[in-house]
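Written below as C-alpha cells is the structure these notes are about.
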Amino acid sequence: MIVAYYQILLAISILLTLFYIMTWHKHFDVHVTLIFTLMPIAILGNVLTANSKTLGEAILSNKIVYFGGTFLMLMITLAILNLCAIKVPNWLRILMFVASTFVFLCALTVGHNEWFYKSCEFVIDNGAGRLTGKHYGPLHAVYVALILSYFGIGFAAMLYSAVKKKQVSNKIILLMFIPELVAVVVFYGARQIITDKIELLPAAYVFAQIMYLIIIHQVCLYDITDTGIDTMVQNGDKGFISFDFKHRYLGGNETALKIFPELNDVKVDRVLPENKQISELVRRWLETFENDNTQNSFRYRSGDNTYLVTLTHLYDGKRKGGYQFFLTDDSKRQKYVELLNNFNMRLKEQVAEKTQHIVEMHEKLVLGMATMVESRDNSTGGHIRRTSEGVRILTDEIRKDNTLHLTDEFIRNVIKAAPMHDLGKIAVDDVILRKPGRFEPWEFEKMKAHAKEGARIVHAILEGTDDVEFHEIAENVAHYHHERWDGSGYPEGLKGEEIPMEARIMAIADVYDALVSKRVYKDSMPFDKADAIIMEGMGTQFDPNLKRFYEAARPRLEAYYSEQEAVPDGSGLTDEGGMCKKH
C-alpha cells in the first residue's frame, strides 16, 4: 500500500512533467524547467527507498532524495526571485549553487562517517522499506539551515514584490506563495505521520508541480513583449527573416516564405544565391542599414500588395547576432495614402487655380488704379505699359549674366511691381499734375511727395498678402524710384547701395521712357541723344553696375519703342542731367 502511494505520486509527477514538456514555450523560466526535472527524481528516491531490501539500498535511495530536495529548493528560490522581477547577481547564484552542492556532498557521506547521519536503521513494514532511528550529525544542521534560508529568501522576495513591485502580478505572487507555504508546513510541521511510515513531502512536490503549471501559463499572459510577438506570428500578418552578420540566411517564418517564395529553395546558413531577385533586395537593404542604422524602413511591392520592411539588429539575449527583417502588409494604408495624396493634389490644384484667379484680379485692380492715375496726368495711356516692358527687357539681360545674383522670383516680382511705381500721383492736386509746362519750385516739392505717398498706398493695398517679398519690392519701387546714386534724389536722399536694387532698375526704365516718348509738351527725343543722357547719368543718377546691362538691352529697347505709336502720356519733363522734372 505504501509502495503504491509513492508509485502513484511518481506517475503523476512524470505525467505533469510530460505535460510541461508538451506545452513548453521558449519564454518559460529555465528554473521552472529544472523544477519539473528534479521533482520526479526526488519522488523516485522515495519509491526506491520503499522498494529497498537492505540498509545499503535504502541509504543509496535516500541520497537520491537529498539530491532532488537540495537542488530543488535552490531552483524554486531562483524561480521565485525571477518571477518577482528581482535581479540576482551572478556571484550570488554561484554561491547558492556551491552551498547546495556542498550540502549534497555532505549527504553522500551517510554510511561512511558520522558527519551527516550518526546512525540509522532499516526496517521493512507492510512491504515497504524505510530508514528509521535517524541520529543526525553536525553537517545535517547545515542542510536544515540552507533549506530554511531558501524558504526565508522566497517569502521575503514575495512580500517585497507584493508591496513594492507594481509591475509584478499579485495573482502570480499568491500562486507561488501557496506551494511554498505547503512545503514549509509539510517539511517542518507534519513531515511524517503515522509513526514515520509515510512521507508527505512527495505529495507536496506533486501539488507544487500543479501550481507551477498554472503559474507559468499565467506568467506568459503578463509578458507583453512575447505575447505580442506570438500573437503577430499566429495571426500571420507579420513576416520574419533573419540573417547573420555575414549575410547568411538563418530562416524565416511561414508568412515571410509566402511573401518571398524564393526563400523556400535557400539552404539555412548559406548566403543568398546571386541569381535570385531577393538577393539584390536584401543586399541593398542590409548595406543601407549598415551604413546608417536610422535608414531601416523600406517598401516592397509584390503584385497588388505593398509590404513595409523594417530592419533591426537580431539579438541573442543582450548580444547582437545579426539582422532581423519584419514584413508587414501595408497595402491598405498605402492605398489610403495614395487616395489621400490624389485628393490633396486635386485640392492643391483647385486652391492654386482659385489663388491664381484672385492674384489676377488683384493685379488687374492695381493696374486699373495705375491706369486711372495715369489718365489724370495729361495722358491717353502707355507709360505704365512701356515702363513695365522696359523693366522686362533690362531684367532679361540681367538674368542672362546674373553676376548680380538676382533670383528668378525677384525678377518676376520687379516686373510685376513696375506698374505700381506712380500710384502716389493719385494724391497730387490736378492743377500740378496736369500742368503742361515746367513746375515752379514749390510745385515740384508737391510733386515729389508722390513717391512717399505711393509707398503708403502700395503698403495699404498689399497689407496682409502672403507674398511678403512682392509686397516689399512693390513698396520699394514706388518709394525709391526717384532716388539717385549720388544721393541727390528724393524723397529720402538715399545714396548708392542704400537704394534697393528694384528701385535702381525701375529708375532707368522710367527715365528712358520719359526721354524717348512724345508728350503733349515735347517731342520724343532721338535714341542716340537719350542714350547719351542715360550713359552720362551712370554713376550719378543711375547705378553704374547696371550700365553694361543697359547697354546690352539698348537694341531691344530701341526696337520696342520704334514700334510704339507716339502717344502723349504726361509722364514728365527731363532736364539736361536726365532728371525728370515733372515727377
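Efficiency by 1/(1 + (r/R0)^6): what FRET value for residue 445 and residue 340, r their Cβ-Cβ distance, R0 = 56 Å, to the nearest 0.05? Between residue 445 and residue 340 the formula returns 0.35.
With all projection directions averaged, the alpha carbon convex hull of region 101-157 covers 5.2 nm².
Mean projected area of the Cα convex hull of region 411-499, taken over all directions, amounts to 6.4 nm². Per-atom-type breakdown for region 458-542 gives carbon and sulfur 46% of the accessible area (1.4 Å probe, protein chains only). With R₀ fixed at 51 Å, the C-beta to C-beta distance from residue 164 to residue 287 puts the FRET efficiency at about 0.60. For 87, 448, the ranking by accessible surface with the largest value first comes to 87, 448, using a 1.4 Å probe. Extension gain, residue 556 to residue 295: 0.36 nm times the residue separation minus the Cα-Cα distance gives 88.5 nm. Using the Cβ-Cβ distance between residue 178 and residue 467 with R0 = 51 Å, the FRET efficiency computed as 1/(1 + (r/R0)^6) comes to roughly 0.10.
Karplus-derived 3J(HN,Hα) values for region 65-81, using 6.51 cos²θ - 1.76 cosθ + 1.60 with θ = phi - 60°, are 4, 5, 4, x, x, 5, 6, 5, 5, 4, 5, 5, 5, 5, 5, 4, 4 Hz; glycine and proline are entered as x.
Heavy-atom accessible area with a 1.4 Å probe sorts 498, 409, largest first, into 498, 409. For the pair residue 315 and residue 119, the difference between a 0.36 nm per residue extended length and the Cα-Cα distance amounts to 65.1 nm. For region 456-464, the Karplus equation 6.51 cos²θ - 1.76 cosθ + 1.60, evaluated at θ = phi - 60°, returns couplings of 5, 5, 4, 4, 5, 5, 9, 4, x Hz by residue, with Gly and Pro reported as x. One decimal place: the segment residue 302-residue 528 gains 74.1 nm when fully extended, by the rule 0.36 nm per residue minus the C-alpha distance. Residue 245 exposes around 100 Å² of accessible area when a 1.4 Å probe is run over every protein chain in place.
The values are calculated or read from the model by the stated rules, or taken from the named source; none is laboratory data. This structure is a prediction, so every number in the text was calculated from the model and none was measured. Neighbour counts run over all protein chains shown; Cβ positions are idealised from the backbone, glycine included. Side chains are part of the model used for accessible areas, which takes the heavy atoms of the whole protein and leaves out ligands, DNA and RNA. Shrake-Rupley method; radii C 1.70, N 1.55, O 1.52, S 1.80 Å.
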